[in-house]
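Structure record follows, encoded as structure tokens.
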Amino acid sequence: MDKQHIQDAELFAREFFSGDATGHDWYHTDRVRRQAVSIAKQEKGKADICELASLLHDVGDEKMHASQKKGEAFVADWLHQQSMDESEIIQVKEIISTVSFKGGHNAPPQSLEAKIVQDADRLDAIGAIGIARCFMFAGSKGHAMHIPEQSFRESMSSAEYRDNHSSAVHHFYEKLLKIKDLMHTKTGSERALVRHQRLENYLRDFYEEWEA
Ligand code: ADP
Ligand code: NI
């Protein structure tokens, strides 16, 4: 793989996400790419593989295609048009297919690089940016900001988990507050703790103002 492949993947992703306002925009991809490269350097992973996979990680997301299969095929087609080693293509495809959270139903990442990219993607779902993305996503789906009648702090039934009409604040309990314990790399875990604390602080302030 060389610099040209990274540049071409960047163009491909930029073009693909132009105009998306659901939190799946180019800037998310760019943040994940920078985060993944930075973690890869700390963890001694292959930074170029992480960078390429990060750039492509949401291009094939099932939400952007008719199905997960079609999404993966879309990215695979692009990869096979590049003059890259077959072994690199296989590594990148493996990373992309394991990176999504999907309620924890995807196969766990095996390679160090897949762990790094998943950590980078998850870091972008927490902290100040994660909070912003959560409210953007909820707004785009017409979900409420907060439904105090559905309020709960630590426990939630599995039926509530599946409730598609939950609020943005619900999503903190459904996913965001769990992320710190799902990190794979030491570097990712350390960074997640800082961002986790921001979620906790935010919720504390949010409830204080709500109940004022
Ligand atoms: P990614 O895997 O790239 O982080 P997702 O598609 O899982 O992306 O979600 C995009 C963003 O929207 C994330 O920040 C996520 O936390 C947020 N999000 C996903 N589902 C919900 C939801 N039901 N309510 C609020 N925010 C959500
Ligand atoms: Ni992502």
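Miscellaneous remarks
- Taking region 34-50 and a reference point 7 angstrom along Cα→Cβ of H65, no backbone N atom is nearer than 14 Å.
- Helical content of the chain, expressed as a calculated mean residue ellipticity at 222 nm, amounts to -20500 deg cm²/dmol (DSSP H runs of 4 or more residues, -39,500 (n - 2.57) each, divided by residue number, nearest 500).
- Label point distance in nm, S87-N201, each placed 7 Å from Cα along Cα→Cβ: 4.5
- The HN-Hα couplings worked out from phi for region 45-51 by the Karplus form 6.51 cos²θ - 1.76 cosθ + 1.60 (θ = phi - 60°) are x, 7, 5, 5, 5, 4, 5 Hz, whole numbers, x standing for Gly and Pro.
- Three-way shape call for the chain based on the alpha-carbon gyration tensor, with the a/c threshold at 1.5: prolate
- Karplus-derived 3J(HN,Hα) values for region 181-192, using 6.51 cos²θ - 1.76 cosθ + 1.60 with θ = phi - 60°, are 8, 10, 6, 9, 9, 4, 4, x, 4, 4, 5, 5 Hz; glycine and proline are entered as x.
- Counting only protein chain heavy atoms and rolling a 1.4 Å probe, the accessible areas of E209, E200 rank, largest first, as E209, E200.
- In the elastic network of the chain, a GNM with C-alpha springs shorter than 10 Å, the most mobile of I49, I39, I90 is I90.
- Solvent accessible area, Å² - K46, 1.4 Å probe, full protein context: 100
- C-alpha long axis of helix 86-99 to longest principal axis of the chain, angle in °: 10
- Percent RCO, i.e. relative contact order, over region 1-140, from Cα pairs under 8 Å lying at least 6 residues apart: 27
- The angle between the Cα long axis of helix 112-123 and the longest principal axis of the Cα atoms of the chain comes to about 40 degrees, rounded to the nearest 10.
- Nearest 10 degrees, 0 to 90: helix 3-17 Cα axis against the chain principal axis: 40
The values are calculated or read from the model by the stated rules, or taken from the named source; none is laboratory data. Nothing here was measured: the structure is a model prediction, and the numbers come from that model. No Cβ is skipped: glycine too gets one built from the backbone with ideal geometry, and neighbour counts run over all protein chains shown. The protein model used for the area step is the full one, side chains on, heavy atoms only, and it has no ligands, DNA or RNA in it. Shrake-Rupley method; radii C 1.70, N 1.55, O 1.52, S 1.80 Å.
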